[in-house]
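**Student:** The structure under discussion is supplied below as structure tokens; questions concerning it will follow.
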Amino acid sequence: MPNKKIKLLPLGQKITKLLWIVFLASFLLPRRFLILSLEDNVHGQIITFTSWFFYWVEFLLPVILIGFLVFFQKASLKNIPKITWSGIFLLMVLCGAGIFLHEATTFDALFLLRLIELWVVSYLIASQLISLRTLLTVLVVALGFQGILGLTQLAFQKSLGLSFLGEPTLSPDTLGIGKIDIGETKYIRPVGTLVHANAWGSMALLAIGLLSAWYASLMDTNKQSSLQKIRTKIEKNVWVAPALKGIGLFFGICALLSFSRGVWLGLGMIILALLWNRKYRIKILAPLLIALVAIGTWQWSLIWQRIVDWKLAIFSRTEMLAYALDLINLKPFGVGIGKFTLMLESDFSQRMFAPWELQPVHNFFLLAGAELGVPAIFVLLFVTLFLLWKSARHGLLSLICVLALLPSLLSDHFFWTDFSMLTLLIVTLTVSEIFWQRKRVSK
């Protein structure tokens, strides 16, 4: 019997690690199951924002957690992402309170479960079920796949036949997807398998933010011999640093071709940070300018249309901002998870919305406030300010990468309404906090 236990232990560890890698590689692929729909709208179409989906990777999480607790009994936390965990815990408290404060609280309970899942994801990262080097490599490959998929969709202006991975149906004639109109001609925007082109662009910004941690993990070594130090130096200069620059440039191109104005602002902040630092200025400026000129020449009409068409975007967002502020004043403890669009359908909005207009407010903080109450706004602002403070202590590039997220948080809702994007945000914040702690210890 003892021999069987010894044999089962390494096998269980390998299976648990494999499932965790599968989760990290595929959580952006939205294979999902409709669990509950609150209500169909007056046009007879299901509003996805008032429906609840469980993604198939969510069913992997309890299996991975059980495997970790059973087969890695001696594992201990090496780094605790205090800011991220504090934010998740406080939102869990507010969501639990919402079960007693709101009406029809099924979604509040499900969102509470999802917050627990997000904490499990962060916990598994902090426990280093797999090494951070492996974790970041898997993430960069997964995000790179999304980038390639989106650019190919843009080039061919249609879906690529990957619906089994969760790719949406895309064509210039498809209703309800992100497009750019130039005269009577419509052009689809890239989405990969994500929920929207703006989310795809935000994914590219998060990928850029992860690259510095990935580079640090690749160069991390405790080896002391002079021969091994020479080998590390050669690797750094021959392939790691050039590859990192190329991958960063690739994700920068993805961010630009998402045609998201918020993502453009975030990308501009990252570029300014790189050019501000002398170490990056000469190495980055030339290829960056070449890439910008090439893309600007290739897609100038689409880029110019997005610049000219800013008034419509501002109007639609400010209209929703006004409704959100009115709703927060009316219900300071929130209306409940998933109820924002239902409130728009009621007499509260005093106008009829077209199906494509029935979306949550495009603001991460206000949407949380409308659904979970004013305390949620303070929690998220508190977490954001702490993250900015922590990142500022670890260099200009770290600070700007966090700042680059703010335009997306202020102008979109996908980090609140979409499981894939919310998971990506938690993964990025957890990894960032761990590397900030490691950097402080190494000093």
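**Student:** List, in the order given, every pair from K390/K439; K7/K78; K158/K186 whose Cα-Cα distance in the structure shown is over 20 Å. Show your work: numbers first, answer last.
**Tutor:** Details: K390/K439 12 Å; K7/K78 27 Å; K158/K186 12 Å.
In this structure, K7/K78 exceed 20 Å between Cα atoms.
**Student:** In the neighborhood of L170, defined by Cβ-to-Cβ distances under 12 Å, what is the net charge if each Lys or Arg adds +1 and each Asp or Glu adds -1?
**Tutor:** Surrounding charge for L170 is +2.
**Student:** Still on this structure: What is the local net charge at L385, summed over the other residues whose Cβ is closer than 15 Å to its Cβ (Lys, Arg +1; Asp, Glu -1)? Display every interim value, and only then the final one.
**Tutor:** Working: positive: K82, K390, R393; negative: E433.
Net local charge, L385 excluded: +2.
**Student:** Could you tell me the calculated FRET efficiency between A155 and L406, based on Cβ-Cβ distance and R0 = 30 angstrom, to the nearest 0.05? Don't jump to the answer; show the numbers that get you there.
**Tutor:** Working: r = 30 Å, r/R0 = 1.01.
Once the sixth-power term is evaluated, E becomes 0.50.
**Student:** Sort V379, V191, V374 so the one with the fewest other Cβ atoms within 10 Å of its own Cβ comes first. Could you put the intermediate results ahead of the total?
**Tutor:** Details: V379 23, V191 26, V374 17.
Taking fewest neighbouring Cβ atoms as first place, the list is V374, V379, V191.
We did not get these values from a lab; they are worked out from the coordinates using the rules stated. All values reported here derive from a predicted model rather than from experimental measurement. Positions of Cβ are generated from backbone atoms using ideal geometry, with glycine treated the same way; all protein chains shown enter the neighbour counts.
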